[in-house]
Every structure is written in structure tokens, then in C-alpha cells.
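Visitor: Got a structure here, written out as C-alpha cells. Questions coming.
The values are calculated or read from the model by the stated rules, or taken from the named source; none is laboratory data. Here the structure is a predicted model, which means the values were calculated and not measured. Positions of Cβ are backbone-derived with ideal geometry, glycine not excepted, and every protein chain shown enters the neighbour counts. Note: areas computed on protein heavy atoms with side chains; ligands, DNA, RNA excluded. Shrake-Rupley method; radii C 1.70, N 1.55, O 1.52, S 1.80 Å.
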Amino acid sequence: MTGPGRGEDAGTGAGAGAGEEAGTGAGAADGVSGVPDGTIGRDGAFVVFRFVLELAHPVARVWAALTEPGLIARWLGARPELDPRPGGVYVIDHDGTKVADRVLRFEPPTVFEHTFWENLNPDATVTWELAAAEADADADAADTAGAGGTRLTLTHRLSDSDLDNAVATVAAGDDRGLIIARNAEGWRRLLTRLEAALGEDR
């Protein structure tokens, strides 16, 4: 994830804003395959990006890729510092800039939620939710964690005030349409890298 502003990847921090209709496609570019377009919606004063990805890997493996620093580095491009508990730190080096966030929820192996560039976007959160693929839905989660597929849902929420702050600072001069498209495409690219890393031999 690159930092707020004009980065190509998720974490542009500028978010989405007024003028975009709930449920529209995320506008991913051609040539990024395997990850579906996300949706962009409204929840009160928050803009919400959501991606749902079906992965041919067990829940336990996907959870590890999202929460073990050495495995996170394979798709994120940097090894984070992670204290895996509510209130714990989640620090990522973004091209030489260390960004300190906080863990909000840590519920193995199904929910990991953290702040996102909290210094610039104090209301923003990212939630990773894992569930056994539909074919395994009738089985107990403990039984399916080591086998079958996984449905990964990524939700990125940021408030209008987060967006206003970005427009006034790191994304100055950009209109909201550009900001929202950049965030959506960034998440899609990041999820594509995650999917590729999961497909590699460990």
C-alpha cells in the first residue's frame, strides 16, 4: 500500500466522495485479472469500498497471508510490524515513510480490522473478513480452516472529513472522481498481488 495522495496502489488515502453512486463498479483497469471489480457505496457520512474475492486456498492459509509479517511482505512489498491484538500497533514502511496504525479487531481466523493512515485519515478503517467458501458453508469453521476455499471480503471505510482533508492536502488539485478511481484500482491491484502470492509455493 502506498501512501496517501497520488500513489498507484491502495492507500492513496484520499478516498471516495460525493457524486459517486452507491453500488457502482470500482472502475478497475483492463489487464488486472483474477480480482473482480469492487463496489463503492455510502453509509451515512462514510464512503465504503468493498471487494469480495473467492480464493482456492483454505481459510488458515489466507489468514496467515494477511497477518504474518513475513507473508504480508510477499504481496505488500514491505514487512510490517504487527502486534496482533486489539490496540496493538500495525506499522508499515511506505517507501521510507513509516505509518503507524492500530489493530481494532483481531479474531483468528476470520476478522482483522485496523486503522488506515490514521495520522491523515483518523476515521478510516480497513476490515479483512474470511469465511469458508460456499461449498463448505455447512461445515464448522474449525473444520474448514485447513481445507477448501475461502471467501475474502475487504472493506475500506473513510469519512467525508477524511476525504476533505485529503483534497486539502495530499490530493490537492484532484477531483473526487479521480481520487475514488485511484483508491479502487489500488485495492484491486493489491488484491491481485495477494492472490498471486497465495498461489506460490510456500
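Visitor: Test Ala65 against the stated conditions and say whether it is on the phi < 0 side of the Ramachandran plot, surrounded by fewer than 16 Cβ atoms within 10 Å (Cβ to Cβ), at pLDDT 95 or above and within 16 Å of the chain's Cα centre (by Cα). I'd like the intermediate steps shown before the answer.
Guide: Numbers: on the phi < 0 side of the Ramachandran plot: yes; surrounded by fewer than 16 Cβ atoms within 10 Å (Cβ to Cβ): no; at pLDDT 95 or above: yes; within 16 Å of the chain's Cα centre (by Cα): yes.
Against the criterion (on the phi < 0 side of the Ramachandran plot, surrounded by fewer than 16 Cβ atoms within 10 Å (Cβ to Cβ), at pLDDT 95 or above and within 16 Å of the chain's Cα centre (by Cα)), Ala65 does not qualify.
Visitor: Select from segment 84-137 the residues that are of a type in the set (Ser, Thr, Tyr) and farther than 23 Å from Gly70 by Cβ and list them in ascending order. Even if it seems obvious, please write down each step before you answer.
Guide: First pass over segment 84-137, keeping only residues of a type in the set (Ser, Thr, Tyr): 90, 97, 110, 115, 125, 127.
The one that is of a type in the set (Ser, Thr, Tyr) and farther than 23 Å from Gly70 by Cβ: Thr125.
Visitor: Could you check segment 33-55 and list, in sequence order, the residues that are of a type outside the set (Val, Ile, Thr), over 14 Å from Leu158 (Cα atoms) and not in a strand (DSSP E or B)?
Guide: Taking segment 33-55 and keeping what is of a type outside the set (Val, Ile, Thr), we get 33-34, 36-38, 41-46, 49-51, 53-55.
Adding the requirement that they be over 14 Å from Leu158 (Cα atoms) leaves 33-34, 36-38, 51, 53-55.
Ser33, Gly34, Pro36, Asp37, Gly38, listed by residue number.
Visitor: Let me ask something else. Failed condition for Pro4, given (1) in contact with a Ser or Thr (Cβ under 9 Å, 6 or more places away or on another chain); (2) assigned to a loop (DSSP other than H, G, I, E, B); (3) modelled with pLDDT of 95 or more, with all others met?
Guide: Evaluating Pro4 over (1) in contact with a Ser or Thr (Cβ under 9 Å, 6 or more places away or on another chain); (2) assigned to a loop (DSSP other than H, G, I, E, B); (3) modelled with pLDDT of 95 or more leaves (3) as the failure.
Visitor: Any chance you could count how many residues in segment 79-110 are at pLDDT 95 or above and assigned to a loop (DSSP other than H, G, I, E, B)?
Guide: The total comes to 11.
Visitor: Mind listing just one residue for me: the one in segment 145-188 that is in a strand (DSSP E or B) and not β-branched (Val, Ile, Thr) and, of those, nearest to Val126 (Cα to Cα)? Reasoning before the result, please.
Guide: Residues of segment 145-188 in a strand (DSSP E or B): 150-159.
Still in the running and not β-branched (Val, Ile, Thr): 151-152, 154, 156-159.
Numbers: Arg151: 16, Leu152: 13, Leu154: 7, His156: 5, Arg157: 7, Leu158: 9, Ser159: 12 Å.
Only one residue fits best here, namely His156.
Visitor: Taking segment 168-190 on its own, how many of its residues are among the hydrophobic types (A, V, I, L, M, F, W, C), closer than 22 Å to Glu118 by Cβ and either surrounded by fewer than 18 Cβ atoms within 10 Å (Cβ to Cβ) or in contact with a strand residue (DSSP E or B) (Cβ under 7 Å, 6 or more places away or on another chain) (or both)? Write out each step before concluding.
Guide: Filtering segment 168-190 for residues among the hydrophobic types (A, V, I, L, M, F, W, C) gives 168, 170-172, 178-181, 184, 187, 190.
Within this subset, residues satisfying the condition of being closer than 22 Å to Glu118 by Cβ are 168, 170-172, 179-180, 184, 187, 190.
Subsequent filtering for residues that are either surrounded by fewer than 18 Cβ atoms within 10 Å (Cβ to Cβ) or in contact with a strand residue (DSSP E or B) (Cβ under 7 Å, 6 or more places away or on another chain) (or both) retains 168, 172, 180, 184, 187.
Looking only at that region, the number is 5.
Visitor: So which of Ala60, Ala100, Ala56, Ala78 is touching a residue at least 12 places away in the same chain (Cβ under 8 Å), open to solvent by 60 Å² or more (accessible area, probe 1.4 Å), more than 28 Å from Arg176 (Cα to Cα) and not charged (D, E, K, R)? Break it down into steps so the answer makes sense when it comes.
Guide: Values: Ala60 fails: open to solvent by 60 Å² or more (accessible area, probe 1.4 Å); Ala100 fails: more than 28 Å from Arg176 (Cα to Cα); Ala78 fails: open to solvent by 60 Å² or more (accessible area, probe 1.4 Å).
Every option except Ala56 fails the conditions.
Visitor: Which of the residues belonging to segment 111-146 are surrounded by 14 or more Cβ atoms within 10 Å (Cβ to Cβ), farther than 26 Å from Gly44 by Cα and modelled with pLDDT of 65 or more?
Guide: Result: Ala131, Ala132, Ala133.
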